[in-house]
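Report on one structure; see the data block that follows.
The values are calculated or read from the model by the stated rules, or taken from the named source; none is laboratory data. In this text the structure is predicted, and so the values were computed from the model without any measurement. Heads up, the Cβs are rebuilt from the backbone with ideal geometry, glycines too, and the neighbour counts pull from every protein chain shown. Quick note on the areas: whole protein, heavy atoms, side chains included, nothing else; ligands and nucleic acids left out. Shrake-Rupley method; radii C 1.70, N 1.55, O 1.52, S 1.80 Å.
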Amino acid sequence: MAQRLIEDSLLALRRAHPWPERNDWAVIPPWPYALGGGGRELVDAIIRVSRPRLMVEIGVFLGASTKRWLDISPRLTVIGIDPWDELRLIPQCRRYVGRPALTRAYPDPEMQERFAVDIAANGVRLTALSLLRPYRDRFIPMQATSPDGLHEIAATGLKPDLVYIDADKKAEDLEAAHRLWPEAIIAGDDWHWGRTKGYPMRRVVEEFAAKNGFAITADHGTWVLTRQGLTA
């Protein structure tokens, strides 16, 4: 797409999914907390080397990974798709208190409790947007489910260079992203999640890669698809 068309399409998407108009952002504490299982350096390298201009992230949660991507490249715009289901996520954040996923990030029990209280008071979406507010000119918060959100983006004519999947452990997002944008680099999280469940995301990625001629590079929780014979 010509640059003017890209800008017009981004503007239309911003208008459809605007940032909340609030004057109390200062009282909503940002929590730079990521659940991911490591290996995000693979995605960091893609952003540094391939220099994508547009990235779609499916599953934003509290925005820590999104902030990481935006910090790496000042030319990058991220469209974040997340339903931000507060009824599910607020109790989920409460369950993190005292458990390894949270204690590694915040060893102080009082800080863990403050995390849960803040999330309950403000919600996950506003907490994420508070963290990402310095990047509001380069982040579009699309409160939607996927793959519906992917189809909405595609309908504008936008073509992301990179799609990162950190959502439900299903094939739908992967298949839709590749069908809509066959030239995009596709990566994601949860490679080593769910050992007792047979690593559901790993199975999805392996089956997709075998069917479509991709190689897989994986590190801890992160995976990247590359064409056979190429490197990420």
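Data for the structure
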| quantity | calculated |
| --- | --- |
| Members of region 188-216 found to be β-branched (Val, Ile, Thr) and either more than 20 Å from the chain's Cα centre (by Cα) or assigned to a loop (DSSP other than H, G, I, E, B) (or both), listed by number | 196 |
| Which listed residue, of 198, 221, 229, is open to solvent by less than 20 Å² (accessible area, probe 1.4 Å), at pLDDT below 95, more than 17 Å from residue 52 (Cα to Cα) and not charged (D, E, K, R) | 221 |
| Count of region 35-62 residues which are open to solvent by less than 10 Å² (accessible area, probe 1.4 Å) and farther than 16 Å from residue 78 by Cβ | 1 |
| So residue 101, is it open to solvent by 10 Å² or more (accessible area, probe 1.4 Å), modelled with pLDDT of 95 or more, assigned to a helix (DSSP H, G or I) and not charged (D, E, K, R) | no |
| Residue 173 vs. criteria acidic (Asp, Glu), touching a strand residue (DSSP E or B) at 6+ places or on another chain (Cβ under 7 Å), within 30 Å of residue 4 (Cα to Cα) and surrounded by 16 or more Cβ atoms within 10 Å (Cβ to Cβ) | yes |
| Matching residues, region 136-183, being of a type in the set (Asp, Glu) and part of a loop (DSSP other than H, G, I, E, B) | 137, 161, 166, 168, 183 |
| Of the criteria (1) open to solvent by 80 Å² or more (accessible area, probe 1.4 Å); (2) modelled with pLDDT under 95; (3) part of a helix (DSSP H, G or I), which one residue 32 fails | (3) |
| Among the residues listed as 123, 149, 157, the single one being small (Gly, Ala, Ser), closer than 25 Å to residue 16 by Cβ, surrounded by 21 or more Cβ atoms within 10 Å (Cβ to Cβ) and touching a residue at least 12 places away in the same chain (Cβ under 8 Å) | 149 |
